[in-house]
Amino acid sequence: MASLFESFWQYLITNFSDFQLATIATFIVHESVFFLSGLPSIVFERLGLFSKYKIQKKINSPGSHERCILRLILYHTCVNLPVMIVSYPTFKYMGLKTSLPLPPWSVVLPQILFYFILEDFVFYWGHRVLHTKWLYKHVHCIHHEYATPFGLTSEYAHPAEILFLGFATILGPALTGPHLFTLWLWMILRVLETVEAHSGYHFPWSPSNFLPLYGGADFHDYHHRLLYTKSGNYASTFVYMDWLFGTDQGYRRLKALEKERKESEQN
Ligand SMILES: [Zn+2]
Ligand SMILES: [Zn+2]
C-alpha cells in the first residue's frame, strides 16, 4: 500500500513542478475535500435525514445554501488561490520539500499534532479579537450570518478573516518547513475538523464522543446560535482554551442543565 502511494507520489513529482504542486494541486486537494465533506450536511437538511441528530431545529433554505456555495467559490478563487501563489516563496524558503522518500509517521504525526495545538491557540485569541465590536460589525459578522451552521459555512467569511484563518493554519507548517505530504494531510484533517464542527449534527459516532478535549459540532454550534457578545466557545478544535480562560461557562451551564433534565426524565 505504501509503495503504491509512493508510486503515485513519484508520478506527481515527475510530471509537475514544486510550484505547481504547492499551489494548484494544493488548491485542488483543498477544494475537493472541502466540498465533498461539506455537501452531506446540506443533503441531510434538504431531505430531512438524521433530523433526530440535528442540533438546532431550524432548516436553512435552498437559497441560503446556494448563496453560501457561490460566495465560497468566488472567495476561494479570488482570495485563497492567489494567497497560495504569493506565499509559495515563503514556504520554499522555510524548507518545503516534495521529494521521496515520504517522511515517516514518527515525524508526520508529531508535526500535525503541533499544528493543531498551535492553530487552536492562535485561532482562539484571533477569534476573541474578532468578537470585539468594530471587528465583529465589519468583518466577523459575515461568518455569523449563519446562526444555524452547515458544513460549508465553516469557510464562509470576510476575505480579511480568510487571511487570518489561513495565517493560523499555515503558521505551524511555515515554522517547521514540512514535506508537502504532511502539509496536505494537515490541511485535509483541518478541513474535515472545521466542516464537522459546523455540520449542525451531533451523531453518536461524532468524534467529540470519543476524542478527549475535542470540541466538535455541539461545541461550535453553541458559538453560532448566541449573540456575539455572549458566544463563548472561541477555540477551533479543542475545548481546553475556553476552559482555561473561562469563556465556556455559558456552554457548561447549558450542558449541566440538559444533563439534569435528562436524569430527572429517567427517574
Ligand atoms: Zn465567532
Ligand atoms: Zn464558525
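No value in this document is a laboratory result; all are computed from the given coordinates. Remember, predicted model here, so these are calculated numbers, not experimental data. Cβ atoms come from the backbone with ideal geometry, glycine included; neighbour counts cover every protein chain shown.
Annotations for the structure displayed:
- Of all residues in the stretch 145-157, one or more are out of contact with any strand residue (DSSP E or B) (no Cβ under 6 Å at 6 or more places or on another chain), buried (at least 19 other Cβ atoms within 10 Å of the Cβ) and acidic (D, E).
- Single match in S87, S64, S32, S41 (criterion: assigned to a helix (DSSP H, G or I), out of contact with any helix residue (DSSP H, G or I) (no Cβ under 9 Å at 6 or more places or on another chain), small (G, A, S) and surrounded by 12 or more Cβ atoms within 10 Å (Cβ to Cβ)): S32
- The condition of being in contact (Cβ under 8 Å) with a residue 12 or more places away in the chain and not in a helix (DSSP H, G or I) holds for only one of A174, A157, that being A157.
- Flag if Y251 is within 25 Å of K137 (Cβ to Cβ), of a type outside the set (D, E), touching a Phe, Trp or Tyr at 6+ places or on another chain (Cβ under 9 Å) and part of a helix (DSSP H, G or I): yes
- Test: residue in the stretch 227-237 that is within 12 Å of ligand 2 (Cβ to nearest atom) and over 18 Å from E119 (Cα atoms): yes
- Number of positions in the stretch 195-210 that are crowded, with 19+ Cβ neighbours inside 10 Å and out of contact with any Phe, Trp or Tyr (no Cβ under 9 Å at 6 or more places or on another chain): 1
- Within the stretch 125-144, residues that are more than 21 Å from V239 (Cα to Cα) sit with their Cβ atoms under 6 Å from residues that are more than 8 Å from ligand 1 (Cβ to nearest atom), at 6+ positions apart or across chains, in these pairs: V139/H158; V139/A160; V139/E161; I142/A157; I142/H158.
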